[in-house]
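Here is the structure we will look at, set down as structure tokens.
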Amino acid sequence: MTRWTYRPCIIAGTSRPNDYVVRRDGRDVGRVMQQRLGMSAGGDLVWWWGTWTYPSVHGYAESLEQALERVRQGATDDLPETGADRRR
């Protein structure tokens, strides 16, 4: 059975609220984050989502749950190889 989780996205030792890395069976496969749509401060808050698998897909959702589901639907089994993957 596939296990889906998410954790705070940490870049250069820091994280932002409502910014998460999505994991499938312990491997990072995508990201979801809340952001304002449009350039003004009055823009609507939406959830951006994207996959790190090939081919990558991305888009917007109205809620965190919808964004996580879109990553689950869009993440394929084709993950880019990293140095850590080659050592396994």
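The values are calculated or read from the model by the stated rules, or taken from the named source; none is laboratory data. Computed from a predicted model, the values in this text were never measured in an experiment. Cβ atoms come from the backbone with ideal geometry, glycine included; neighbour counts cover every protein chain shown. Surface areas here come from the heavy atoms of the whole protein model, side chains and all, with no ligands, DNA or RNA. Shrake-Rupley method; radii C 1.70, N 1.55, O 1.52, S 1.80 Å.
Just a few scattered comments:
- Close Cβ contacts (under 7 Å, 6 or more residues apart or on different chains) running from residues in region 68-88 that are open to solvent by less than 70 Å² (accessible area, probe 1.4 Å) and modelled with pLDDT of 85 or more to residues that are part of a loop (DSSP other than H, G, I, E, B) and aliphatic (A, V, I, L, M) comprise 74/57.
- Flag not set for residue 5, criterion: modelled with pLDDT of 95 or more, surrounded by 15 or more Cβ atoms within 10 Å (Cβ to Cβ), touching a Gly at 6+ places or on another chain (Cβ under 9 Å) and among the hydroxyl-bearing types (Ser, Thr, Tyr).
- Scanning region 21-64 for residues that are open to solvent by 50 Å² or more (accessible area, probe 1.4 Å) and assigned to a strand (DSSP E or B) yields 23, 27, 28, 34, 35, 36, 45, 48, 58, 60.
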